[in-house]
Amino acid sequence: RFNKLWMVWKWFPVFAAMPRMLIELGRDPSLGLLARPRTFRSGRTVLLLQYWNSFEQLEAYLAQAQA
């Protein structure tokens, strides 16, 4: 949710990184993402729904992305 739309420096980095992450996950199914994420928009709220094989694979992807 964009609470303060004018504070672009807070929300834009996440907004810009998300497509690259989804492309990476779509190219390599072994990373654990089960299906293409669904996006729901309503006003200032954006929800991205993802299904993963397991919580462990999600944590492993997070650890790899932070390294």
Protein accessible area in the chain, 1.4 Å probe - carbon and sulfur %: 61 percent
Helix-derived mean residue ellipticity, 222 nm - over the chain, DSSP H n ≥ 4, -39500 (n - 2.57), to 500: -16000 deg cm²/dmol
Note, ³J(HN,Hα) from phi for the stretch 20-33, Karplus 6.51, -1.76, 1.60, rounded to Hz, x at Gly and Pro: 5, 5, 5, 5, 4, 5, x, 6, 10, x, 5, 6, x, 6
Amide H contacts under 5 Å for residue 52, placed H, 5+ residues apart: 34
The chain: relative contact order as a whole-number percent, Cα under 8 Å and 6+ apart: 26 percent
Helix 55-66 axis, angle to the chain major axis (alpha carbon atoms, nearest 10°): 70 degrees
Alpha-carbon Rg with Dmax, taken over the chain, Å: 13.5, 38
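The values are calculated or read from the model by the stated rules, or taken from the named source; none is laboratory data. As the structure is a computational prediction, the values presented were derived from the model and not from experiment. Just so you know, the surface numbers come from the protein's heavy atoms only, side chains and all, with ligands and any DNA or RNA stripped out. Shrake-Rupley method; radii C 1.70, N 1.55, O 1.52, S 1.80 Å.
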